[in-house]
Amino acid sequence: MNLARIKVSIRCRKCGEKFVLRGRRDKGKIDTGFKQCVCSNAEDFEIEELPF
């Protein structure tokens, strides 16, 4: 099981708030534990992997 640590940028498409988090890549998915934006948006995000 390859659980590589990665850095991720998450931007809310509703309010524009940006979060930079560390997460793990597991089976093609990225898990950061991020649930929702401060504006209560829980679905509409732009997610980008950043270099460490």
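Pairs, please: C-beta under 6 Å, at least 6 apart or cross-chain, first residue closer than 20 Å to Ala4 by Cβ and in the stretch 19-43, second surrounded by 14 or more Cβ atoms within 10 Å (Cβ to Cβ) and charged (D, E, K, R)?
Listed pairs, sorted by first residue: Arg22/Lys7; Asp31/Arg24.
For (1) of a type in the set (Ser, Thr, Tyr); (2) touching a strand residue (DSSP E or B) at 6+ places or on another chain (Cβ under 9 Å); (3) modelled with pLDDT of 95 or more, each residue gets a yes or a no:
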{"site": "Phe19", "(1), (2), (3)": "no, yes, yes"}
{"site": "Arg24", "(1), (2), (3)": "no, yes, no"}
{"site": "Thr32", "(1), (2), (3)": "yes, yes, no"}
{"site": "Glu49", "(1), (2), (3)": "no, yes, no"}
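Using the structure shown, decide if Phe19 is surrounded by 14 or more Cβ atoms within 10 Å (Cβ to Cβ), on the phi < 0 side of the Ramachandran plot and not small (Gly, Ala, Ser).
Here the answer is yes, as Phe19 does meet what is asked.
Right, Cys12: surrounded by 14 or more Cβ atoms within 10 Å (Cβ to Cβ) and out of contact with any Ser or Thr (no Cβ under 7 Å at 6 or more places or on another chain) or not?
Against the criterion (surrounded by 14 or more Cβ atoms within 10 Å (Cβ to Cβ) and out of contact with any Ser or Thr (no Cβ under 7 Å at 6 or more places or on another chain)), Cys12 qualifies.
The values are calculated or read from the model by the stated rules, or taken from the named source; none is laboratory data. Every value quoted in this text rests on a predicted model; they were computed, and no experiment measured them. FYI the Cβ positions are ideal-geometry reconstructions off the backbone, even for glycines, and counts take in every protein chain you see.
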